[in-house]
1. Please sort 333-341, 253-261 by packing, taking for each peptide the average over its residues of neighbouring beta carbons within 10 angstrom, highest first.
2. Just in the stretch 469-516: which trypsin sites (Lys or Arg not before Pro) are loop by DSSP and have at most 11 other Cβ atoms within 10 Å?
3. Report, as a whole number in µm² per second, the diffusion coefficient that Stokes-Einstein gives for the stretch 117-259 at 20 °C and 1.002 mPa s using the Kirkwood radius over alpha carbon pairs.
4. Name the shape class, rounded, prolate or oblate, that the alpha-carbon gyration tensor gives for the stretch 62-109, where a ≥ b ≥ c are the square roots of its eigenvalues, rounded holds for a/c under 1.5, and otherwise prolate holds if a/b is larger than b/c and oblate otherwise.
5. When you have a sec, figure out the Kirkwood radius of the stretch 198-340 from all distinct Cα pair distances and drop it here in Å to one decimal?
6. Can you list the equivalent-ellipsoid semi-axes of the stretch 1-144, largest first and in whole Å, using the square root of 5 times each Cα gyration tensor eigenvalue?
7. From a point 7 Å beyond the Cα of residue 486 in the direction of its Cβ, which residues of the stretch 279-315 have a backbone N at a distance under 16 Å?
8. Would you work out which of 341, 85, 43 lies farthest towards the positive end of the dipole of the chain? Charges go on Cβ: Lys and Arg +1, Asp and Glu -1.
Amino acid sequence: MATHPPIARHLPLEMLYHWERHCPDRIYLRQTINRQYQDYSWARVADEARRMAAALQGLGLVAGDRVALLSKNCAQWFIADLAMQMGRFVSVPIYPTANSDTIEYVLRHSEAKAVFVGKLDDWHGQEGGVPADLPRIALPYDTMPARYQWDELIANTQPIAGSPLQAPDELLSLVYTSGSTGKPKGAMLSVERYAWSCEKLVQLVGLAEDDRGFSYLPLAHITERVYIYGGSLYGGASVAFPESLETFIDDVKRCRPTVFISVPRLWAMFRAKIHEKLPQHKLDILLKIPFVSSLIKRKLRDGLGLDQARVLGCGSAPVAPALLEWYYRIGLNITEAWGMTENHAYSTLNYPFRADKIGSVGKAGPGVTLRISPEGEILCRCDGMMLGYYKDPDSSAATLDSDGWLHTGDMGKIDSEGYLTITGRMKDVFKTAKGKYVAPVPIEGMLGQEPLIEQLCVIGYGMPQPLALVQLVESAMQGDRDSIERQLEAARVAVNEKLEAHAKLRGIYVVKQPWNIENGVLTPTMKIRRHLLEQRYAELGNQWPQGKSVVWEEA
């Protein structure tokens with residue numbers, strides 16, 4: 001057992017047992033199946049977790065064994081994770097969109113002794129990554145063949161006795177980074193440090209029993225694991241899950257979440273869908289008419305299912321301030337936050353929301369200390385740090401120094417009120433052919449304010465001038481090219497007016513194929529693999545057509 005003073009007041013399992021005692025019949029999880037809710041009370045969740053913990057022990061697993069979890073979000077994901085805590089196993093979540101090579105790597109590197117397999121869109125293409133001799137437990141959804149079935153184990157296993165707890169300093173989970181620059185690294189998270197992060201978040205945001213969460217961002221990502229799953233455990237909130245991508249908006253509308261966390265790409269897609277029915281120039285006119293303005297705002301919020309949302313979040317990747325300002329105009333205050341797997345994604349939040357701080361990622365949460373190194377790197381220290389990277393002492397020492405500072409790799413600046421603005425990644429800064437250094441992220445932030453652009457990446461290593469690779473919103477790809485080119489060129493000129501000569505964009509290159517997880521350009525957490533695009537378009541600077549400022553890839 002730990003000998004140091006407790007970091008957190010309550011461990012996750014203590015919170016589960018608290019709700020089981022005080023409100024056993026209250027609904028905790030709402031799983032949508034065939035368009036109907038399958039409800040799980042706190043008592044049912046605790047009972048199934050105890051049964052699954054006993055079932056894992058019955059398969060021969062012992063405390064400390066790693067157990068992987070490969071599934072989209074669902075009620076059983078929560079319950080399986082709680083069962084692993086009860087049995088003192090170490091959970092190893094894997095992104096449900098991971099390819100077979102990544103799955104094989106994580107299972108082998110973590111030395112997993114079993115794997116839960118559940119809701120998956122392409123299990124046929126992923127099954128090759130799961131060794132044939134590794135015991136599989138199938139959650140009750142369409143998934144890869146498995147020797148053991150969730151429902152059978154639950155029905156035929158007596159629950160583990162009592163209300164077991166882990167030691168605070170035990171290893172809770174190995175959470176693998178998304179691998180944007182190479183092989184994923186397994187961040188070692190302890191029980192008490194996860195607990196501390198969840199407690200602090202719930203205290204800051206004020207999550208409570210009448211809140212409703214909506215869980216759809218991958219639970220293998222630390223943000224969802226802390227903000228929604230952890231937040232529900234410590235705040236007592238209920239959580240609903242979507243049935244499928246096709247029913248997503250309907251599922252949000254049914255849940256009407258009070259807490260909704262998303263990523264920049266989805267917020268941009270929501271705006272694009274609204275623009276298809278209500279172009280910006282018409283919206284601008286309507287928002288100037290007092291009575292009509294409030295009606296339109298309410299209709300837009302209702303249409304997204306967010307009319308009761310009091311906490312809206314955005315993180316995981318850089319977001320254009322103009323996008324958040326657009327939502328602010330229609331009455332949706334989106335809190336931008338910043339964090340990493342290495343500190344449980346709990347670092348800074350713009351909460352309580354301040355519109356004048358849009359463009360920043362907020363200020364340090366309670367218990368978090370930030371500073372900027374002489375090189376411009378953001379350093380972070382708190383009680384919610386990882387223990388290090390599994391089997392990687394060199395990377396651990398380089399990331400967490402002897403004084404407890406996390407070297408984030410992000411560059412930033414802190415204003416007089418403590419609000420942090422991210423200015424780029426240390427490793428993303430590139431040198432042009434002129435020998436000048438360019439930080440691409442601020443340029444992307446400015447150009448990304450153009451509504452036609454869904455995603456972009458500024459490149460320029462070894463080029464005479466930087467170029468912007470852009471993916472347009474779907475409707476723009478079908479639009480009038482002359483008009484679109486004029487709009488993009490106007491955006492480029494406006495951005496260049498704010499840049500030094502060596503950083504000015506030479507042109508905009510409109511890519512043909514969307515960037516997504518399936519083709520490897522996006523990580524499972526929706527970050528762009530910049531190095532991949534830099535390699536793919538390395539010769540573009542030397543082949544740029546003379547006199548052109550906007551070029552289409554297929555041309």
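1. 333-341, 253-261
2. 498, 512
3. Once the numbers are plugged in, D ends up at 120 µm²/s.
4. In terms of gyration-tensor shape, oblate.
5. Over the stretch 198-340, the inverse of the mean reciprocal pair distance is 15.8 Å.
6. Each semi-axis is √(5λ); the values are 26, 21, 13 Å.
7. Once the point is set 7 Å along Cα→Cβ of residue 486, 281 turn out to lie under 16 Å by backbone N, inside the stretch 279-315.
8. Of 341, 85, 43, it is 341.
The values are calculated or read from the model by the stated rules, or taken from the named source; none is laboratory data. This structure is a prediction, so every number in the text was calculated from the model and none was measured. Glycine also receives a Cβ, built like all others from the backbone with ideal geometry; neighbour counts cover every protein chain displayed. With ligands, DNA and RNA removed, areas are computed over all heavy atoms of the protein, side chains included. Shrake-Rupley method; radii C 1.70, N 1.55, O 1.52, S 1.80 Å.
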